1. Can you name the number of the only condition in (1) closer than 29 Å to V99 by Cβ; (2) surrounded by 18 or more Cβ atoms within 10 Å (Cβ to Cβ) that V146 fails?
2. Give the residue, chosen from N182, N130, that is open to solvent by 50 Å² or more (accessible area, probe 1.4 Å) and within 30 Å of I73 (Cβ to Cβ).
3. Of I338, I326, I361, which residue is among the β-branched types (V, I, T), modelled with pLDDT of 80 or more and open to solvent by less than 60 Å² (accessible area, probe 1.4 Å)?
4. Any idea which of P173, P236 is open to solvent by 70 Å² or more (accessible area, probe 1.4 Å) and either closer than 30 Å to V75 by Cβ or assigned to a strand (DSSP E or B) (or both)?
5. Taking the range 277-307 only, how many residues are more than 21 Å from T239 (Cβ to Cβ), under 32 Å from the mean Cα position of the chain (by Cα), open to solvent by 10 Å² or more (accessible area, probe 1.4 Å) and of a type in the set (A, V, I, L, M)?
6. Condition (residue is open to solvent by 60 Å² or more (accessible area, probe 1.4 Å) and not in a helix (DSSP H, G or I)) applied to the range 86-94: is it met by at least one residue?
7. Quick check: is even one residue across the range 96-110 open to solvent by less than 80 Å² (accessible area, probe 1.4 Å) and over 60 Å from the mean Cα position of the chain (by Cα)?
8. Regarding T47, is this residue within 26 Å of the chain's Cα centre (by Cα), open to solvent by 20 Å² or more (accessible area, probe 1.4 Å) and at pLDDT below 95?
Amino acid sequence: MNKMKIAAVAVGVIILAGTGWFYKRADGREAPAYRTATIQRGGVKSTVSATGTLGAVQTIQVGTQASGQIAAIYVDYNDHVKKGQLLARIDPRLQDQAVEEAHAQLERAQATMEQAESDYARSKQLFDANAITASELSTLQSNFSVQQANVKSARIALERARQNLAYTNIHAPIDGVIVERNVDVGQTVAANFSAPQLFLIANDLSDMQILASVDESDIGAIRTGQPVEFTVQAYPNQTFAGTVQKVRLQSKTQDNVVNYTAVVGVKNTTGKLLPGMTATVQFVIGVAQNVLVVPNAALRIRPTPAMLAHAQHAIATKDSQPANVIGTNDSQHSNSAILWTLDDKGTLAPVRVRTGLSDAINTEVEGRNLTAGTKVVIGVLDAGSATSSGASNPFQSPRPSGRPQGGEGG
């Protein structure tokens, strides 16, 4: 009987303790468990992200003005060529015949002109002897002038035929590398309506460029001469460097998003970068070294009622230091946020900080009595009261200033 009484008393004590614990947690008087990080001293690199395509600075499409069958090709992919080098030859038989025909037309015109000249010379003598009229002399003189013009026209036609014959030899217009070869021996090309592309030549692959598409919300941060870092899928663990050369004024709209093209100059001394590679570009907007940084998550904490309850003492203590907490006029703190700090005794306190450069991981911060090694809350594991504070909460932490991936703070 005594054992049953003891057991009943023990159960009652447990129930009372559990009920007290529940109400204690419901009132927010028991400190929640937090995930924390420490303020560290280090560097922050603020960047704007974009994607683009690698290409040669200058590429030339080599076409033909002559139609016919490809008789010979003397270069292939990746071959280095010099300006004026013979690349291919089109079957010249038709153009040879055109030259011969134009030459015959010239000879015919010259013979006719010589005959007209002789007739005019004789008629002039007859006119001087009053054997023919002035009208007859004028007719012969006009015929001689027409034949002179025909000879001139025939010479031009011969020169045109010779030029068309020369077009059957395809020469390199610049020094460079054959990037594309679009024809094979035996293939027929027709240049009647448009010049077909036979080859694509890149002038120099040791100097390349990236045409990066930048969103209009970020283009204001891009400047000529700005340093750029980028990666390509072929070498994911290697970072390459470049420099902004210009921002093109022409805009392009895709999916209701306005983009501008930033031209990035790249030195390809190792030859690893190839035309057509997709580059993930980071425009370096600003760099801060040896500054206090916190994880971005610390600036996005929304305090719970339990956090506010346990921070009341610290808040009351710091009421005389309005710089540490959010005031009623937040317009004066456009680049500010709230950090929730924990001291060695586990005391929770809000601290107003001024945010600076930010990257995908950390943000630069400045604040009164802020030191490296201070613990800051980056998450609430056991929030006590599960309801997050609303937007009207005076201790809600705004996001750090600037855009994600690196808007520069004030």
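1. (2)
2. Numbers: N130 fails: within 30 Å of I73 (Cβ to Cβ).
Answer to the check: N182.
3. Result: I338 is the single residue among I338, I326, I361 that is among the β-branched types (V, I, T), modelled with pLDDT of 80 or more and open to solvent by less than 60 Å² (accessible area, probe 1.4 Å).
4. Working: P173 fails: open to solvent by 70 Å² or more (accessible area, probe 1.4 Å).
It is P236.
5. Residues that pass the stated criteria total 3.
6. Just the residues of the range 86-94 that are open to solvent by 60 Å² or more (accessible area, probe 1.4 Å), to begin with: 89, 93-94.
Subset that is not in a helix (DSSP H, G or I): 89.
For the range 86-94, residues open to solvent by 60 Å² or more (accessible area, probe 1.4 Å) and not in a helix (DSSP H, G or I): present.
7. Going through the range 96-110, the residues open to solvent by less than 80 Å² (accessible area, probe 1.4 Å) turn out to be 96, 98-99, 102-104, 106, 109-110.
Still in the list and also over 60 Å from the mean Cα position of the chain (by Cα): 109-110.
Yes, the range 96-110 has at least one match.
8. Values: within 26 Å of the chain's Cα centre (by Cα): yes; open to solvent by 20 Å² or more (accessible area, probe 1.4 Å): no; at pLDDT below 95: yes.
Taking the combined requirement at face value, the residue does not satisfy it.
The values are calculated or read from the model by the stated rules, or taken from the named source; none is laboratory data. Quantities reported herein were computed from a predicted structural model and do not represent experimental measurements. In this analysis, Cβ positions are derived from the backbone assuming ideal geometry, glycine residues included, and neighbour counts consider all displayed protein chains. Quick note on the areas: whole protein, heavy atoms, side chains included, nothing else; ligands and nucleic acids left out. Shrake-Rupley method; radii C 1.70, N 1.55, O 1.52, S 1.80 Å.
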